[in-house]
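Read the structure below first, then the notes.
The values are calculated or read from the model by the stated rules, or taken from the named source; none is laboratory data. Note that the coordinates shown come from a computational prediction; the quantities given were computed from them, not determined experimentally. Don't worry about glycine lacking a Cβ; one is built from the backbone with ideal geometry, like all the others, and counts go over all protein chains shown. Calculation scope for accessible area: heavy atoms of the full protein, side chains included, ligands and nucleic acids excluded. Shrake-Rupley method; radii C 1.70, N 1.55, O 1.52, S 1.80 Å.
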Amino acid sequence: MSTKTDTTYDIVVFGATSFVGQILTTYLFETYGVGRDVRWAIAGRSESKLGTLKQSLGKEAVQLPMIVADASDESALRTMCDQTRVVISTVGPYALYGEPLVKVCAESGTDYCDLTGEVQWIRKMVETYEDTAKASGARIVHCCGFDSIPSDMGVWFLQQHAEEIFGAPCQDVRMRVKVAKGEFSGGTVASMMNVAKEAAADPKLRKELANPFSICPPEHRSKTRQPSLKGAEFDRDFGVWLAPFVMGAINTRIVHRSNALQNARYGKEFTYDEAMMTGRGMKGRLAAYGITGALGGFFTASAFKPSRWLVEKFVPKPGEGPSPEAQQNGFYDLRFIGKTADGKTIKTRVTGDRDPGYGSTSKMLGEAGMSLAFDVDSDKQGGFWTPASLLDGRLHERLTSKAGLTFEVLETS
Ligand SMILES: NC(=O)c1ccc[n+]([C@@H]2O[C@H](COP(=O)([O-])OP(=O)(O)OC[C@H]3O[C@@H](n4cnc5c(N)ncnc54)[C@H](OP(=O)(O)O)[C@@H]3O)[C@@H](O)[C@H]2O)c1
């Protein structure tokens, strides 16, 4: 539990009117109700949009409290944080709007989680506010959506079983996306384009983004070379073609930070990478080259002004995203293979029952917020954590019992 007492709310959802915030609010309302065990409120910059959201939930939601605050208004954010133990934020791109809230949470001892996948911003937040959060007791947990909970908790799960079965963790782990059925929303595309734009303008940032240990504490930056798929490649372990996975850049950093924050539990020589399976034979090979080319094209075109407008023309705008049917019909299936230093192997699988970016992300974020509010021991110190290092087995239990995820050992040898 948070060190804060006497607050009106356990949880405030800031950015409740965003595309993902609306799905999250509906999930919390349907799962936890209003005026029952969980005391929670919605917050955002527009009172009328908050009111419309509340109305859309039906009569029983009239009691759901609303807080109006702009992301740039520190005093309004402080008033909001004074009323709650935990803030869940969906106000992004976080590199553009997120810093004042992290600052106020760190200063006021308010626990916080979000959906950022912006590595350069996370690093800046850690460097600027870690000491403040440690002093106040605020536990800050970034990346509580599809990036990076399934990867971070997937590796945590695999290592739990490796330790149990082999008596040692796996030194090498690979994650392969077998299926990820879903679409991007305008907010996510805006965040990805912002990273591309910032990186194009700043060579130091490009170097930073290429460093797998960029958000690890300096004493945990391993010298072990990390695998990193740059183009199409054949994978002998799974017998399929691979293409780079767009979320791999953030997920790998979070997994390494989790290892560091658990005192190198996965080992000092631990290696990890992610990729997408594109299938077997010529079809798989062509798809792998096609995806590699499309990804390169998106980031190159987003980086420069003359071509950015063209990308903006074809991608969803902020506030837009997949339809309820597409969320419902979405699904993902991630495969992990781990190898111990002496050659033992374990294969595991993580699945989610909605589209990765929205239907499933909003449930994961909601349960990460719940876990922060109700599961974390008060002696866990303040600072910048990761989902696996802070929430571990309690989050795993919530993900499987409430958020539609499965974690499974497929085989060991
Ligand atoms: N990690 C993941 O797996 C994952 C998945 C989905 C989304 N995301 C990230 O989550 C974020 C939200 O995505 P989305 O698609 O829901 O975006 P969105 O619909 O564009 O929503 C952005 C939100 O930010 C709010 N906002 C903007 N400026 C503000 C200000 N000055 N003060 C207060 N609120 C402000 C907007 O308020 P109004 O409603 O009043 O306009 C809106 O609620 C993005 O950064 C996206 O990258 C991550």
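The Cα-based radius of gyration of the chain, divided by its Kirkwood radius, gives an Rg/Rh of 0.95.
According to the calculation over all Cα-Cα pairs in the stretch 76-155, the P(r) per 10 Å bin from zero is 20, 53, 26, 2 %. When the listed pairs Lys197/Lys230; Lys178/Lys363; Lys49/Lys124; Lys4/Lys54; Lys178/Lys283; Lys207/Lys363 are checked against a 23 Å cut-off, the alpha-carbon distance exceeds it for Lys49/Lys124; Lys4/Lys54; Lys207/Lys363.
Taking the protein heavy atoms of the chain in the context of the full set of protein chains, the accessible area attributed to carbon and sulfur is 52 percent at 1.4 Å. Taking a point 7 Å from the Cα of Gln226 along the Cα-to-Cβ direction, the residues of the stretch 89-125 with backbone N closer than 19 Å to it are 116-125. For the stretch 185-260, the list of trypsin sites (Lys or Arg not before Pro) that fall in a loop by DSSP and count at most 15 other C-beta atoms within 10 angstrom reads Arg221, Lys223, Arg225, Lys230, Arg236. Taking all protein chains into account, the per residue accessible area for the stretch 176-287 stands at 49 Å² (1.4 Å probe). Note on the stretch 1-75 and the stretch 214-246: Cα centroid distance 39 Å, given to the nearest whole angstrom.
Counting only complete DSSP H runs, which helices of the chain cover 30 Å or more along their long axis at the Cα atoms and score a mean Kyte-Doolittle of -0.5 or above? The answer, listed by residue number, is 281-303.
Rounded to the nearest 5, the antiparallel percentage of DSSP beta bridges internal to the chain is 55%.
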